[in-house]
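A.B. asks: Mind looking over this structure? Questions follow.
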Number of protein chains: 4
Amino acid sequence: MHETRKEQVIEAAIHLFRTKGYHATSVQDIADAVGLRKGSLYHYITSKEELLFDIIHETIQVYIRRLEAIAARPEPAAQRLARAITAHIEAVAQETEGFAIFIGETRALEPGPRRRIEEASQRYRHLLQQLIEEAAQEGAFRPTDSTLASLAILGACNWMHRWYDPQGRLRPQEIAQQFTEIFFHGLVHPPAGPAPAGRAPVVGTVPAEGRRPPSPNHPPHSEEPWPPGP
Amino acid sequence: MHETRKEQVIEAAIHLFRTKGYHATSVQDIADAVGLRKGSLYHYITSKEELLFDIIHETIQVYIRRLEAIAARPEPAAQRLARAITAHIEAVAQETEGFAIFIGETRALEPGPRRRIEEASQRYRHLLQQLIEEAAQEGAFRPTDSTLASLAILGACNWMHRWYDPQGRLRPQEIAQQFTEIFFHGLVHPPAGPAPAGRAPVVGTVPAEGRRPPSPNHPPHSEEPWPPGP
Amino acid sequence: MHETRKEQVIEAAIHLFRTKGYHATSVQDIADAVGLRKGSLYHYITSKEELLFDIIHETIQVYIRRLEAIAARPEPAAQRLARAITAHIEAVAQETEGFAIFIGETRALEPGPRRRIEEASQRYRHLLQQLIEEAAQEGAFRPTDSTLASLAILGACNWMHRWYDPQGRLRPQEIAQQFTEIFFHGLVHPPAGPAPAGRAPVVGTVPAEGRRPPSPNHPPHSEEPWPPGP
Amino acid sequence: MHETRKEQVIEAAIHLFRTKGYHATSVQDIADAVGLRKGSLYHYITSKEELLFDIIHETIQVYIRRLEAIAARPEPAAQRLARAITAHIEAVAQETEGFAIFIGETRALEPGPRRRIEEASQRYRHLLQQLIEEAAQEGAFRPTDSTLASLAILGACNWMHRWYDPQGRLRPQEIAQQFTEIFFHGLVHPPAGPAPAGRAPVVGTVPAEGRRPPSPNHPPHSEEPWPPGP
DNA sequence: AATGAATGAGGTTTCATTCAT
DNA sequence: TATGAATGAAACCTCATTCAT
């Protein structure tokens with residue numbers, strides 16, 4: 001229940017880095033946010049950059065571990081991919097800020113730490129790509145450029161950190177369901193006839209119980225355009 | 001053929017902002033890049049931030065104008081959407097750096113200019129959304145959450161600025177073709193039988209003549225993992 | 001007895017602003033004067049301009065409070081005016097530098113703070129004007145343009161910051177006495193006859209005990225002409 | 001009737017130096033004001049500081065020559081002093097800006113030129129002081145500290161550059177008349193009886209024909225407090 | 001654990017002046 | 001005469017970090 005100072009610091013930093021950006025956030029800002037003086041902060045961190053690294057590293061590690069677990073499941077690859085998409089979306093929804101920092105501020109790291117993060121990112125994408133290839137081998141997917149497919153999926157899902165609003169109209173599960181539907185079956189109306197029968201039900205999405213009444217997706221009283229794009 | 005100093009400055013800034021980030025790029029860096037002293041740079045720019053704004057504004061304006069032109073074409077909406085995706089991808093491919101700055105550095109702007117950009121971005125996404133809705137009304141697309149669909153498409157296409165490599169294996173047209181295929185028909189193998197006949201040919205993509213021989217997509221001599229992800 | 005750093009900074013700034021002028025004084029100059037590095041100075045000030053504002057504001061506030069106290073005394077207005085003149089002169093004599101900055105550098109302030117100072121100045125002058133009007137109503141002064149009279153008195157007294165020399169021949173009290181005499185009775189020899197009897201003794205000036213022997217008013221070793229004028 | 005470029009430059013500089021101050025006025029500002037580019041300005045000036053010097057020097061020289069002419073007149077000293085006060089006030093009224101620069105910006109000059117100006121100033125004041133002494137010797141003035149008296153008069157008259165408004169309620173002649181009255185006879189009501197008869201009429205002021213109807217002294221539409229003080 | 005003082009490097013921007021064209 | 005490019009010095013200010021208390 002009661003958080004350590006170190007955790008407070010990290011949370012404050014996450015919020016500030018997300019909101020203002022790493023470079024635009026000063027150590028003073030962080031100190032202010034946790035009610036410490038600038039000097040005292042250095043009891044809890046070694047440097048601003050290491051704080052950034054820790055945040056990003058923690059984030060990507062969690063994503064990778066989760067994806068590895070999913071990839072190891074004894075299920076058809078297509079189903080595992082659906083699970084992966086859902087997990088990714090739910091994770092971004094649950095911890096948008098850290099993920100946004102990972103996406104946006106990795107570049108601020110020094111070459112060394114930066115490479116470590118980039119390798120992890122690369123590994124993450126590669127796991128996705130492998131799922132796609134497996135699904136194709138299993139006959140569930142048509143042959144595609146699996147690299148490109150993984151990049152399309154990742155792009156769509158990662159982009160979410162720019163528009164997801166927890167107060168918004170859609171729950172993460174619904175988003176996941178729809179994204180999976182799009183990536184699996186596309187937007188085009190299936191041809192008439194027996195086609196629907198052939199369509200595999202989308203797996204990995206949970207029945208949409210608890211669906212909230214349709215409400216404006218945009219948080220009330222906000223004055224910013226939503227959702228942003230491109 | 002000989003470039004103005006102003007243009008040199010802008011190009012240098014684009015390259016640096018893209019590579020190091022806006023905040024990490026000093027005016028000194030830009031001056032060095034064009035062979036001027038720091039002070040001399042101010043003959044060509046009003047401020048570092050205005051330079052950033054100009055770059056971003058120019059970029060988004062071009063995107064918007066292009067999309068408006070496409071949206072106004074006398075064609076089925078699905079076809080116009082395919083054209084839009086292709087145009088977007090080709091534009092990102094052709095001018096990756098400016099687009100990356102637009103995506104990554106808009107936040108560095110002051111509230112006023114920033115809002116102008118964000119409104120334009122929002123408008124761009126909305127145009128896409130409208131195409132999707134029209135395509136659904138025309139019966140080409142199944143009913144979907146058009147907002148979500150537009151965000152999926154945009155996310156996938158925008159993400160491209162993080163991985164596209166002009167020396168890479170795939171030409172923009174091929175990327176566009178495959179992305180369109182995914183967003184229109186999904187990854188799943190079409191059911192056996194007459195289904196393929198029912199599949200609308202993807203419009204807006206050009207026959208893949210000029211396809212280069214398969215070659216490593218990753219630029220030679222680079223030491224960074226590729227493609228990055230997520 | 002030992003002064004805070006903040007006080008040292010303010011005093012150094014007062015001296016430098018007075019001597020070289022606000023614009024010609026660099027933050028470096030102030031830092032040098034107190035033995036700090038430029039950056040360290042910003043522990044004690046928010047900005048150079050705010051430092052200027054604080055100096056000026058403090059000065060004018062003290063003047064206003066003092067004048068208000070005098071104006072509220074239960075005495076004939078003429079006597080209160082004499083006190084006001086004396087107090088003003090003694091204050092300028094005691095803290096010439098701050099007053100000189102107030103007079104000469106208010107213009108360097110941004111419009112907002114500047115207006116605050118100018119309103120206070122205006123209020124100060126208005127208090128003087130009211131004393132003159134009251135003295136006229138009480139029959140002590142002949143009817144005059146009280147605005148003009150207040151400006152004449154203020155001009156003469158304010159000008160003092162340009163020529164007053166604490167090492168000089170005259171003590172502030174003597175200056176005050178003579179100025180009051182001039183403003184009350186003028187330079188012209190009173191007409192012969194009963195006139196002296198009719199002349200009200202100047203109040204608010206103290207008997208000139210402690211008058212120093214006549215000595216050169218000009219500080220020794222100075223190479224500047226003295227007193228300056230106009 | 002058609003002004004040389006050089007004159008235009010000087011006038012623009014006078015106006016700007018007065019309004020914004022010497023240091024706050026850039027060469028660019030001056031160039032803008034005369035419709036030239038910064039570089040072109042240097043065909044007409046040698047340096048910004050010399051421009052300042054020329055303005056100040058010209059001003060003080062005119063004042064000195066005028067005062068010398070007045071001091072040489074075959075009249076009683078008191079009358080010459082009255083003329084001097086009137087001339088000073090009318091000059092300030094007619095060319096407030098240059099005079100304000102002389103008063104406020106002499107300090108911005110380098111030591112050499114600065115000393116020249118200060119010596120001239122000193123000479124000016126000394127001429128006034130001599131008139132006062134002569135008037136005392138002639139029996140018109142009571143014995144006073146002539147230095148102090150000259151400083152009082154100068155202060156009051158010089159201060160005028162801070163409050164004089166050509167659109168204001170009072171004409172320069174009226175101001176001069178009232179100031180002379182104050183300095184000659186003071187503010188105090190003359191004793192009853194034959195006293196007024198003994199009062200020498202103030203000389204050097206012109207009959208107040210052409211006096212404008214009493215109107216607010218403050219320029220219309222101005223939002224600044226007036227007159228300023230102290 | 002907490003602080004406040006201090007630092008030094010670096011940030012963006014301004015500006016008077018020169019000079020080739 | 002006029003210009004636009006260029007300069008170099010200096011301006012104010014920020015900030016991550018260290019350290020004695």
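A.B. asks: Of all residues in region D:90-115, which are in contact with a Gly (Cβ under 8 Å, 6 or more places away or on another chain) and surrounded by 17 or more Cβ atoms within 10 Å (Cβ to Cβ)?
C.D. replies: D:GLY104, D:GLU105, D:ALA108
A.B. asks: Filter region B:118-127 down to the residues that are small (Gly, Ala, Ser) and within 8 Å of chain A (Cβ to nearest Cβ) and list them by number.
C.D. replies: The one that is small (Gly, Ala, Ser) and within 8 Å of chain A (Cβ to nearest Cβ): B:SER121.
A.B. asks: Also, quick follow-up: Out of region D:128-147, which residues are surrounded by 20 or more Cβ atoms within 10 Å (Cβ to Cβ), facing chain C (nearest Cβ under 10 Å) and hydrophobic (A, V, I, L, M, F, W, C)?
C.D. replies: The answer is D:LEU128, D:ILE132, D:ALA135, D:PHE141.
A.B. asks: Based on what the data block shows, is D:LEU41 farther than 22 Å from C:ARG107 by Cα, within 14 Å of DNA strand E (Cβ to nearest atom) and either away from chain C (no Cβ under 12 Å) or out of contact with any Cys (no Cβ under 8 Å at 6 or more places or on another chain) (or both)?
C.D. replies: yes
A.B. asks: Would a scan of region A:102-117 turn up a residue that is away from DNA strand F (no atom under 16 Å from the Cβ), within 13 Å of another protein chain (Cβ to nearest Cβ) and closer than 30 Å to A:GLY139 by Cβ?
C.D. replies: Checked against the condition, which is being away from DNA strand F (no atom under 16 Å from the Cβ), within 13 Å of another protein chain (Cβ to nearest Cβ) and closer than 30 Å to A:GLY139 by Cβ, region A:102-117 yields no hits at all.
A.B. asks: Within region A:172-181, is there a residue that is at pLDDT 95 or above, surrounded by fewer than 21 Cβ atoms within 10 Å (Cβ to Cβ) and of a type in the set (Ser, Thr, Tyr)?
C.D. replies: no
A.B. asks: For region C:44-77, which residues satisfy the criterion of being surrounded by 17 or more Cβ atoms within 10 Å (Cβ to Cβ), more than 14 Å from every other protein chain (Cβ to nearest Cβ) and either closer than 27 Å to C:PRO111 by Cβ or near DNA strand F (Cβ under 9 Å from one of its atoms) (or both)?
C.D. replies: Matches in region C:44-77: C:TYR44, C:ILE45, C:LEU51, C:PHE53, C:ILE55, C:HIS57.
A.B. asks: Please tell me if C:ALA87 is free of Cβ contacts under 8 Å to residues at least 24 places away in the same chain, more than 9 Å from chain D (Cβ to nearest Cβ) and small (Gly, Ala, Ser).
C.D. replies: Judged against the criteria, C:ALA87 is a match.
A.B. asks: Which condition number in (1) surrounded by fewer than 19 Cβ atoms within 10 Å (Cβ to Cβ); (2) away from chain B (no Cβ under 12 Å); (3) away from DNA strand E (no atom under 16 Å from the Cβ); (4) not aliphatic (A, V, I, L, M) is the one that A:ARG80 fails?
C.D. replies: (1)
A.B. asks: Name the one entry in C:GLY155, C:GLY193, C:GLY198 that is facing chain D (nearest Cβ under 10 Å), over 14 Å from the mean Cα position of the chain (by Cα) and modelled with pLDDT of 50 or more.
C.D. replies: Just a single option satisfies the conditions, and that option is C:GLY193.
A.B. asks: So B:GLN178 passes all but one of these: (1) more than 7 Å from every other protein chain (Cβ to nearest Cβ); (2) in a helix (DSSP H, G or I). Which condition number does it fail?
C.D. replies: (1)
A.B. asks: Tally up the residues in region A:20-55 that are within 22 Å of B:ARG114 (Cα to Cα) and in contact with an Asp or Glu (Cβ under 8 Å, 6 or more places away or on another chain), please.
C.D. replies: 3
A.B. asks: Filter region C:116-127 for residues that are crowded, with 21+ Cβ neighbours inside 10 Å and of a type in the set (S, T, N, Q) and give the result.
C.D. replies: Passing the criteria: only C:SER121.
A.B. asks: Also: Is there a residue in region A:86-98 that is closer than 21 Å to A:MET160 by Cβ, in contact with an Asp or Glu (Cβ under 9 Å, 6 or more places away or on another chain), of a type in the set (Gly, Ala, Ser) and assigned to a helix (DSSP H, G or I)?
C.D. replies: There is at least one residue in region A:86-98 that is closer than 21 Å to A:MET160 by Cβ, in contact with an Asp or Glu (Cβ under 9 Å, 6 or more places away or on another chain), of a type in the set (Gly, Ala, Ser) and assigned to a helix (DSSP H, G or I).
A.B. asks: In addition: What are the residues in region A:11-29 that are more than 8 Å from DNA strand F (Cβ to nearest atom) and either in contact with a Pro (Cβ under 9 Å, 6 or more places away or on another chain) or away from chain B (no Cβ under 14 Å) (or both), if any?
C.D. replies: A:GLU11, A:ALA12, A:ALA13, A:ILE14, A:HIS15
A.B. asks: All but one of (1) without any contact (Cβ under 8 Å) to a residue 40 or more places away in the chain; (2) within 12 Å of DNA strand E (Cβ to nearest atom); (3) not small (Gly, Ala, Ser) hold for B:GLU110; which doesn't?
C.D. replies: (1)
A.B. asks: Considering only residues that are over 20 Å from C:GLU110 (Cα atoms), within 12 Å of DNA strand E (Cβ to nearest atom) and of a type in the set (A, V, I, L, M, F, W, C), which ones fall in region C:1-30?
C.D. replies: Once the filter is applied, which keeps residues that are over 20 Å from C:GLU110 (Cα atoms), within 12 Å of DNA strand E (Cβ to nearest atom) and of a type in the set (A, V, I, L, M, F, W, C), region C:1-30 yields only C:VAL9.
A.B. asks: Where residues in region C:44-72 are in contact (Cβ under 8 Å) with a residue 60 or more places away in the chain and not charged (D, E, K, R), which of them is nearest to DNA strand E (Cβ to nearest atom)?
C.D. replies: Step by step, filter region C:44-72, then rank; the result is C:PHE53.
A.B. asks: Select the helices (runs of 4 or more DSSP H) contained entirely in region B:1-71, then report the ones holding at least 1 residues which are in the same structural domain as B:PHE99 (by TED's automatic domain parsing).
C.D. replies: B:48-71
A.B. asks: Among all residue pairs at least 6 apart or on different chains, which show Cβ distances below 7 Å where the first residue, located in region A:129-151, is of a type in the set (Ser, Thr, Tyr) and the second is part of a loop (DSSP other than H, G, I, E, B) and modelled with pLDDT of 95 or more?
C.D. replies: From region A:129-151, the pairs are A:THR144/B:LEU187.
The values are calculated or read from the model by the stated rules, or taken from the named source; none is laboratory data. Keep in mind the model is a prediction, meaning the values are calculated, not measured. No Cβ is skipped: glycine too gets one built from the backbone with ideal geometry, and neighbour counts run over all protein chains shown.
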